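Asker: Submitted below is the structure of interest, expressed as structure tokens.
The values are calculated or read from the model by the stated rules, or taken from the named source; none is laboratory data. What you see is a predicted model, and the numbers here were worked out from it, not measured in a lab. Glycine gets a Cβ as well: all are built from the backbone with ideal geometry, and neighbour counts include every protein chain shown.
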Amino acid sequence: MNTQVAIIGAGPSGLLLGQLLYKAGIDNIIIERQSAAYVLGRIRAGVLEQGTVDALTEVGVDARMHQEGLPHDGFDLLFKGQRHRIDLNALTGGKRVMVYGQTEVTKDLMQAREKVGLKTIYSAEDVAIADFDGVHPKVSYSLDGQRHELSARFIAGCDGFHGVCRASVPADRLETYEKVYPFGWLGVLADVPPVAHELIYANTNRGFALCSMRSMTRSRYYIQCPLTDRVDQWSDDAFWTELRHRLDPEAAAQLVTGPSIEKSIAPLRSFVTEPMRFGSLFLAGDAAHIVPPTGAKGLNLAASDVRYLARAFSSYFLDKDEQGITQYSEKALARVWKAERFSWWFTSLMHQFPAEGAFNQKVQEAELAYLVSSQAASTALAENYVGLPL
């Protein structure tokens with residue numbers, strides 16, 4: 001088989017890239033090691049930046065998002081027992097975010113790809129890439145007991161942190177930066193109405209909490225927990241009790257509890273690898289960087305990566321212009337590091353750090369008090385939260 005762009009990974013970044021390339025008339029094939037059902041079953045983030053919403057609209061995969069998604073014009077910061085609203089819309093000149101689950105984004109993109117007959121190969125085993133330093137890179141994989149090879153002009157590595165693409169690059173060609181945080185997030189998904197119509201980010205002396213949602217009947221809640229905790233240590237009742245302790249009295253009284261339909265503990269890390277291009281191989285999304293989920297930047301960073309990449313490939317194939325592919329890594333990393341900075345800062349501001357004690361808590365509270373009383377500080381938070389421009 002031959003194609004112009006081989007995309008490794010059928011998560012939202014790979015699917016969005018495929019749709020952007022299709023709209024530009026560029027042939028592409030997606031190869032995914034998991035089944036379609038497995039990809040759809042992954043529970044992930046649900047806050048979309050304005051730019052991500054714009055990208056889905058650009059490729060015509062936005063009807064259900066606009067019908068079922070929840071536009072949010074702000075969110076609440078909770079500290080010292082009181083909530084303070086950050087008015088995103090007013091502070092950013094009319095921008096907002098959209099609450100719409102990553103699973104739903106993936107489903108919409110899958111259906112759009114299937115509708116126009118674009119080729120996606122699921123359950124591909126032993127995926128390998130080769131010859132990406134030249135202009136004829138190859139992807140090989142096994143399917144139903146047979147080995148296959150795909151030739152392309154470019155390979156887009158959208159296969160996540162544990163994928164084959166970054167792992168195929170010799171270690172001496174990669175510069176890696178990483179910070180591991182000393183806590184995790186215990187998350188619960190439940191079919192209960194959200195405690196508030198917008199998100200609540202809580203800083204308390206018991207630890208961080210986040211009240212989010214997927215719809216007006218399905219809520220997603222998180223509490224900070226030690227990395228040593230296990231999911232089976234937390235009953236539903238124990239989770240709801242602890243969450244209630246971390247909310248203000250009004251929110252605690254309004255909290256509706258119910259049986260969890262998903263419960264998990266996620267460790268937090270910041271990670272960046274440089275560069276993001278190796279000859280004909282381009283990394284995007286979690287294959288190149290990870291952010292702690294506090295700032296809701298993971299999916300949105302992946303979307304901005306593939307928007308840069310789609311423009312670069314379009315310029316190359318349609319205009320014979322190599323400037324986009326030459327500058328891809330530098331441009332993408334400039335935005336990545338700004339999002340990494342914001343996610344690190346917001347994580348550092350909102351969480352309890354066990355080794356730093358009461359002094360750190362007081363400093364956090366002082367910074368939060370300044371943040372909500374200063375329009376300049378609130379604007380900086382709002383601009384980063386809705387997403388910096390490409």
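Asker: Determine which single condition Thr273 fails, assuming it passes every other condition in (1) closer than 23 Å to Thr347 by Cα; (2) assigned to a loop (DSSP other than H, G, I, E, B).
Answerer: Only one criterion in (1) closer than 23 Å to Thr347 by Cα; (2) assigned to a loop (DSSP other than H, G, I, E, B) is unmet by Thr273, namely (2).
Asker: So, one more: Test each condition in (1) surrounded by fewer than 17 Cβ atoms within 10 Å (Cβ to Cβ); (2) more than 19 Å from the chain's Cα centre (by Cα) for His162 and report the one that comes out false.
Answerer: Of the numbered conditions (1) surrounded by fewer than 17 Cβ atoms within 10 Å (Cβ to Cβ); (2) more than 19 Å from the chain's Cα centre (by Cα), the odd one out for His162 is (2).
Asker: Any residue that is modelled with pLDDT of 95 or more, of a type in the set (Gly, Ala, Ser) and out of contact with any His (no Cβ under 8 Å at 6 or more places or on another chain) - is there at least one of those in the stretch 318-330?
Answerer: At the first step, the residues of the stretch 318-330 found to be modelled with pLDDT of 95 or more are 318-330.
From what is left, the residues that are of a type in the set (Gly, Ala, Ser) are 324, 329.
Add one more test, that the residue is out of contact with any His (no Cβ under 8 Å at 6 or more places or on another chain), and what stays is 324, 329.
Yes, some residue in the stretch 318-330 is modelled with pLDDT of 95 or more, of a type in the set (Gly, Ala, Ser) and out of contact with any His (no Cβ under 8 Å at 6 or more places or on another chain).
Table: residues versus (1) surrounded by 20 or more Cβ atoms within 10 Å (Cβ to Cβ); (2) polar (S, T, N, Q); (3) over 16 Å from Leu390 (Cβ atoms).
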{"site": "Phe313", "(1), (2), (3)": "yes, no, no"}
{"site": "Lys320", "(1), (2), (3)": "no, no, yes"}
{"site": "Gln323", "(1), (2), (3)": "no, yes, no"}
{"site": "Gln327", "(1), (2), (3)": "no, yes, no"}
{"site": "Ala332", "(1), (2), (3)": "yes, no, no"}
{"site": "Ser343", "(1), (2), (3)": "yes, yes, yes"}
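Asker: OK, next. Checking Gly324 against (1) more than 26 Å from Leu21 (Cβ to Cβ); (2) in a helix (DSSP H, G or I): exactly one of these is not met. Which one?
Answerer: That leaves (1) as the condition not met.
Asker: Kindly indicate whether Met110 is farther than 26 Å from Met1 by Cα and either among the hydrophobic types (A, V, I, L, M, F, W, C) or not in a helix (DSSP H, G or I) (or both).
Answerer: Working: farther than 26 Å from Met1 by Cα: no; either among the hydrophobic types (A, V, I, L, M, F, W, C) or not in a helix (DSSP H, G or I) (or both): yes.
Criteria not met by Met110.
Asker: As an exercise: evaluate Ala334 against (1) farther than 20 Å from Pro226 by Cβ; (2) in contact (Cβ under 8 Å) with a residue 24 or more places away in the chain; (3) of a type in the set (A, V, I, L, M) and give the number of the one condition it does not meet.
Answerer: Unmet condition: (2).
Listed here are the residues, each with its yes/no results for (1) surrounded by fewer than 22 Cβ atoms within 10 Å (Cβ to Cβ); (2) more than 28 Å from Ala171 (Cβ to Cβ); (3) at pLDDT 95 or above.
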site	(1), (2), (3)
Glu242	yes, yes, yes
Arg246	no, yes, yes
Pro249	yes, yes, yes
Ala252	yes, yes, yes
Thr273	yes, no, yes
Gly285	no, no, yes
Pro292	no, no, yes
Ser304	no, no, yes
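Asker: Filter the stretch 254-265 down to residues that are exposed (fewer than 13 other Cβ atoms within 10 Å of the Cβ) and under 24 Å from Thr347 (Cα atoms), then give me how many there are.
Answerer: 1
Asker: I'm trying to understand the selection: among the residues of the stretch 125-138, which are buried (at least 20 other Cβ atoms within 10 Å of the Cβ) and assigned to a loop (DSSP other than H, G, I, E, B)? Walk me through it before giving the result.
Answerer: Just the residues of the stretch 125-138 that are buried (at least 20 other Cβ atoms within 10 Å of the Cβ), to begin with: 127, 129, 132, 137.
Result: Phe132, Pro137.
Asker: Would it be correct to say that Thr106 is surrounded by 21 or more Cβ atoms within 10 Å (Cβ to Cβ), among the polar types (S, T, N, Q) and under 30 Å from Tyr201 (Cβ atoms)? Working first, answer last.
Answerer: Numbers: surrounded by 21 or more Cβ atoms within 10 Å (Cβ to Cβ): yes; among the polar types (S, T, N, Q): yes; under 30 Å from Tyr201 (Cβ atoms): yes.
For Thr106, the condition - surrounded by 21 or more Cβ atoms within 10 Å (Cβ to Cβ), among the polar types (S, T, N, Q) and under 30 Å from Tyr201 (Cβ atoms) - is met.
Asker: Among the candidates Gly163, Gly134, Gly145, Gly157, which residue alone is touching a residue at least 12 places away in the same chain (Cβ under 8 Å) and either among the aliphatic types (A, V, I, L, M) or over 24 Å from Tyr22 (Cβ atoms) (or both)? Before you say what the answer is, go through the steps one by one.
Answerer: Details: Gly163 fails: either among the aliphatic types (A, V, I, L, M) or over 24 Å from Tyr22 (Cβ atoms) (or both); Gly145 fails: touching a residue at least 12 places away in the same chain (Cβ under 8 Å); Gly157 fails: either among the aliphatic types (A, V, I, L, M) or over 24 Å from Tyr22 (Cβ atoms) (or both).
Every option except Gly134 fails the conditions.
Asker: Now, a different point. Just the residues that are charged (D, E, K, R) and part of a helix (DSSP H, G or I), please, taken from the stretch 349-377. Steps first, please.
Answerer: Initial filter on the stretch 349-377 (charged (D, E, K, R)): 356, 362, 365, 367.
Lys362, Glu365, Glu367, listed by residue number.
Asker: How many residues does the stretch 110-131 contain that are within 24 Å of the chain's Cα centre (by Cα) and either free of Cβ contacts under 8 Å to residues at least 24 places away in the same chain or closer than 16 Å to Leu17 by Cα (or both)?
Answerer: Result for the stretch 110-131: 7.
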